[in-house]
């Protein structure tokens, strides 16, 4: 069983803490002198770089949230001059401003390194054919896997998302051995393979690395069963680096966090207190080697817990559980992040309707479906079918143009969306996690 | 001559039409005519009732989306050519029909019409001596 970087991935905890402390010290110095946002936040707390000496001092530092990135759009939190930035990525499909992340040449090297670890821990080697069906482009999935695949010397197939028929043909003709995509797309592909008449023995797939959306153990079993591969869970978010933040090894006992680059904490999302190992809370990351966009105590909103016991694979890197949910109401629909309030603000701009709505999310044929149920307002109701149909179309177009998501619209009778206690339930998520 | 028709928005789910009718029935509202226009997802129920204002209030209390719509009603012998004649009078002066429904009583047909201009339509039909029904007469049928 290979380990890509035995020196760091199997490092003794004491030594690791000293490396983390040193790297945190450098990161804090960097943001203090290069990012006005952080300097001001630290000064408000009476902190200077000299107050951060060891990793334990991290609790003195302020938190960062997603809105801080939006407020400083596009490059306000960058800690490197633009001449040093060699790559930009951005979050997709949300209203207003996207979240922009920038990488220096060294950041790209770090990203390739952590992705090489990820792929190696899934069992991939230079002899593999890595079939990357994550989207390429502003989304970090495709390119993140791509650089990691090249780093380990595998043959990378940058097929990107969509065009299932071509995916199957290349998978067959090139002899893809490693599949990288979202878990729901993996299931979709499994069904497409079945329908295509291809026999499993005609394909050489042996392992899949799946992430970018929450998935259950049930889904894992289904994927492993249908595709006859090992399904490895990987975790990342573009703000921190993209994929490569954490990954399961072949023992599938939690995701090893690359904590020599991304220092994790678990906090209580209400009190912001740090919680002890084993307790469930919100995952917070501090990037301790990044140059382009270092983030201090970034609140991911993902709920999980950490395990520090040594893993059977020999790695000492802390493991996190599969994410158990979120501490906010963000939905992930076909890889696009969506907050219910974004839907609400689109509805509020339309005078013909009142923002009484309900979002119903489901998974049909392994793909996310989203339906918006919106109440017909009496003042607008004039008994003509054509008028209601065009209203429906207008809502759909407005949502699609500002959210980048195609949402099915259903007009419903007023007050049918209220629950018995009078409080409306905005989101019904029927996908099983 | 304007008749106030009751229009109700209905989701396509079982029991909704029953609920409308039961609500009206409990207060002895009589229904002279009824039609449902439907799409795959919702429908619009249109009714001529004995007391449209009261009916509207009753349904609103039950949280239905309901409105009163101005329509007109004519009565002709129940032969197609009389229906055609009335419609032609309207089309000749560029008044369009948004929807219509009808029913027969003995040898005569009662036709409900929603047009693009109710007042002009009434005037034109009267000029051609088409018999129009007042709301009060209609409710008694």
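The values are calculated or read from the model by the stated rules, or taken from the named source; none is laboratory data. The model shown is predicted, which means the values in this text are computed figures rather than measured ones. Positions of Cβ are backbone-derived with ideal geometry, glycine not excepted, and every protein chain shown enters the neighbour counts.
Yes/no matrix, rows are residues, columns are (1) under 18 Å from residue A:63 (Cα atoms); (2) in contact (Cβ under 8 Å) with a residue 40 or more places away in the chain; (3) assigned by TED's automatic domain parsing to the domain that holds residue A:106:
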{"site": "A:218", "(1), (2), (3)": "no, yes, yes"}
{"site": "A:221", "(1), (2), (3)": "no, no, yes"}
{"site": "A:227", "(1), (2), (3)": "no, yes, yes"}
{"site": "A:237", "(1), (2), (3)": "yes, yes, yes"}
{"site": "A:241", "(1), (2), (3)": "yes, yes, yes"}
{"site": "A:252", "(1), (2), (3)": "no, no, yes"}
{"site": "A:257", "(1), (2), (3)": "no, yes, yes"}
{"site": "A:263", "(1), (2), (3)": "yes, yes, yes"}
{"site": "A:269", "(1), (2), (3)": "yes, yes, yes"}
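Any residue at all in region A:382-396 that's more than 14 Å from every other protein chain (Cβ to nearest Cβ), surrounded by 14 or more Cβ atoms within 10 Å (Cβ to Cβ), at pLDDT 80 or above and closer than 30 Å to residue A:237 by Cβ?
No, the conditions are met nowhere in region A:382-396.
List every residue pair whose Cβ atoms lie under 9 Å apart, where the two residues are 6 or more positions apart in sequence or sit on different chains, the first residue falls within region A:354-376 and is without any contact (Cβ under 8 Å) to a residue 60 or more places away in the chain and away from every other protein chain (no Cβ under 14 Å), and the second residue, located anywhere, is surrounded by fewer than 17 Cβ atoms within 10 Å (Cβ to Cβ) and in a strand (DSSP E or B).
Cβ pairs passing all conditions: A:369/A:360; A:369/A:362; A:369/A:363; A:369/A:408; A:370/A:360; A:370/A:362; A:370/A:408.
Determine if region A:123-138 includes at least one residue that is without any contact (Cβ under 8 Å) to a residue 24 or more places away in the chain and either crowded, with 17+ Cβ neighbours inside 10 Å or under 27 Å from residue A:19 (Cβ atoms) (or both).
Checked against the condition, which is being without any contact (Cβ under 8 Å) to a residue 24 or more places away in the chain and either crowded, with 17+ Cβ neighbours inside 10 Å or under 27 Å from residue A:19 (Cβ atoms) (or both), region A:123-138 yields no hits at all.
With respect to residue A:408, is the statement that it is surrounded by 13 or more Cβ atoms within 10 Å (Cβ to Cβ), at pLDDT 85 or above and within 23 Å of residue B:114 (Cβ to Cβ) true?
When the stated conditions are applied, residue A:408 does not pass them.
Specify which of the listed residues (A:97, A:165) is within 23 Å of residue A:330 (Cα to Cα) and either assigned by TED's automatic domain parsing to the domain that holds residue A:316 or not in a helix (DSSP H, G or I) (or both).
Result of the check over A:97, A:165: A:97.
Report yes if some residue within region A:275-287 is within 28 Å of residue A:109 (Cβ to Cβ) and either surrounded by fewer than 22 Cβ atoms within 10 Å (Cβ to Cβ) or in the same structural domain as residue A:366 (by TED's automatic domain parsing) (or both); otherwise report no.
Taking every residue of region A:275-287 in turn, none turns out to be within 28 Å of residue A:109 (Cβ to Cβ) and either surrounded by fewer than 22 Cβ atoms within 10 Å (Cβ to Cβ) or in the same structural domain as residue A:366 (by TED's automatic domain parsing) (or both).
Give region A:168-183 a look and list any residue that's buried (at least 24 other Cβ atoms within 10 Å of the Cβ) and either more than 25 Å from the chain's Cα centre (by Cα) or part of a helix (DSSP H, G or I) (or both), or say none.
Scanning region A:168-183 gives a single hit, A:171.
Tell me which of these residue A:359 doesn't satisfy, since it passes every other one: (1) at pLDDT 85 or above; (2) more than 22 Å from residue A:326 (Cβ to Cβ); (3) surrounded by 17 or more Cβ atoms within 10 Å (Cβ to Cβ).
It is condition (2) that residue A:359 fails.
Please go through (1) without any contact (Cβ under 8 Å) to a residue 60 or more places away in the chain; (2) surrounded by fewer than 22 Cβ atoms within 10 Å (Cβ to Cβ); (3) not in a loop (DSSP other than H, G, I, E, B) for residue A:342 and return the number of the only condition it doesn't satisfy.
The failed condition is (1).
If you check residue A:408 against the conditions, is it in contact (Cβ under 8 Å) with a residue 24 or more places away in the chain, within 14 Å of chain B (Cβ to nearest Cβ) and over 30 Å from the mean Cα position of the chain (by Cα)?
For residue A:408, the condition - in contact (Cβ under 8 Å) with a residue 24 or more places away in the chain, within 14 Å of chain B (Cβ to nearest Cβ) and over 30 Å from the mean Cα position of the chain (by Cα) - is not met.
Residues that are closer than 30 Å to residue A:73 by Cβ, at least 1 per element: which helices (runs of 4 or more DSSP H) completely within region A:1-53 meet that?
The qualifying helices (runs of 4 or more DSSP H) are A:13-34, A:36-44.
Within region B:1-14, how many residues turn out to be more than 12 Å from chain A (Cβ to nearest Cβ) and free of Cβ contacts under 8 Å to residues at least 40 places away in the same chain?
Residues in region B:1-14 being more than 12 Å from chain A (Cβ to nearest Cβ) and free of Cβ contacts under 8 Å to residues at least 40 places away in the same chain: 1 in total.
Conditions tested, residue by residue: (1) more than 10 Å from chain A (Cβ to nearest Cβ); (2) crowded, with 20+ Cβ neighbours inside 10 Å; (3) modelled with pLDDT of 95 or more.
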residue: B:16; (1), (2), (3): no, no, no
residue: B:31; (1), (2), (3): yes, no, no
residue: B:42; (1), (2), (3): no, yes, no
residue: B:60; (1), (2), (3): no, no, no
residue: B:66; (1), (2), (3): no, yes, no
residue: B:82; (1), (2), (3): yes, no, no
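Quick check on this structure: which one of A:91, A:59 is over 28 Å from residue A:273 (Cα atoms) and either surrounded by fewer than 17 Cβ atoms within 10 Å (Cβ to Cβ) or in contact (Cβ under 8 Å) with a residue 24 or more places away in the chain (or both)?
The conditions single out A:91.
As an exercise: evaluate residue A:160 against (1) under 19 Å from the mean Cα position of the chain (by Cα); (2) assigned to a helix (DSSP H, G or I) and give the number of the one condition it does not meet.
So residue A:160 meets the others, but not (2).
Sort out which residues of region B:18-29 are away from chain A (no Cβ under 14 Å) and either on the phi < 0 side of the Ramachandran plot or part of a strand (DSSP E or B) (or both), and write them in order of number.
B:18, B:21, B:22, B:24, B:25, B:26, B:27, B:29
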